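For reference, the structure discussed in these notes is given below.
Quick note: the coordinates plus some simple rules give every number you see, no bench work behind them. In this text the structure is predicted, and so the values were computed from the model without any measurement. Positions of Cβ are backbone-derived with ideal geometry, glycine not excepted, and every protein chain shown enters the neighbour counts.
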Amino acid sequence: AQSVAQPEDQVNVAEGNPLTVKCTYSVSGNPYLFWYVQYPNRGLQFLLKYITGDNLVKGSYGFEAEFNKSQTSFHLKKPSALVSDSALYFCAVRGFKNNNDMRFGAGTRLTVKP
Amino acid sequence: DAGVIQSPRHEVTEMGQEVTLRCKPISGHDYLFWYRQTMMRGLELLIYFNNNVPIDDSGMPEDRFSAKMPNASFSTLKIQPSEPRDSAVYFCASSRSNEQFFGPGTRLTVL
């Protein structure tokens, strides 16, 4: 079965520390992987994507993600967290029934404390 | 570009009433998606269109829900009759290639 999982409901980090938000996937064929962020009372905003090429993908606001095929993971990372990074983060994968719809993980709430 | 536009932003209605949510996608995008977000179920894909044609509506919860896209710049999601369990935030998103761009959502409360 094809799926995307975010094993942590919540991640807490101190400002200035590195952060990681985890995502694993199970998709037949080559996955298209995405990260989105949702701030309170807002829609989801695109952060970054992996389609092909370099396994390390850089995105908006200093975030990056590493595609690991052997571990079927696509963890989101940032070297130094900011309080303003506190939000809900969604991992998504494209390519379930076809290549045009996207399935989202349950979301991980990131809290960065000063 | 103004991004994806949704209206209304908030809707409060009584059980049994008809509710219509509206969406204007980003110009030039040929895919349009409707999602529902709740605390219990997370983000669910309801239906999506390609070039105004519904492609997959398997996520539509029941016959009370219907969606249309009469042209490339407008789509509606209708619930008739509405029920309290329909209370959620409904998002519209549009896409041209890979990533999707989301609207601000409509927060629906059915009393």
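Key figures for this structure:
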| read-out | value |
| --- | --- |
| Gap separating the Cα centres of the range B:52-104 and the range A:38-114, nearest whole Å | 24 Å |
| Top of B:ILE26, B:ILE47, B:ILE55 by mean-square fluctuation, Gaussian network on chain B, Cα under 10 Å | B:ILE55 |
| Interchain or long-range residues, amide H under 5 Å from B:SER87's placed H | B:VAL110 |
| Residue order, fewest to most surrounding Cβ atoms within 10 angstrom, among B:MET15, B:MET40, A:MET102 | B:MET40, B:MET15, A:MET102 |
| Peptides A:50-63, A:12-25 ordered by average Cβ neighbours within 10 Å, highest first | A:12-25, A:50-63 |
| Additional length obtainable on full extension of the chain from B:PHE74 to B:THR20, 0.36 nm per residue less Cα span | 18.2 nm |
| Chain B, Rg to Rh (Cα coordinates; Rh as Kirkwood inverse mean 1/r) | 0.94 |
| Amide H within-cut-off set for A:GLY107, under 5 Å, with H built and near neighbours excluded | A:GLN6, A:CYS91 |
| Entries in A:LYS49/B:LYS24; A:LYS58/A:LYS78; A:LYS49/A:LYS113 that, when Cα-Cα distance is taken, lie over 19 Å | A:LYS49/B:LYS24; A:LYS49/A:LYS113 |
| Backbone N under 12 Å from the B:GLU83 label point (7 Å along Cα→Cβ), restricted to the range B:1-29 | B:16 |
| Inter-chain Cβ neighbour average for residues A:43-53, partner chain, 10 Å | 4 |
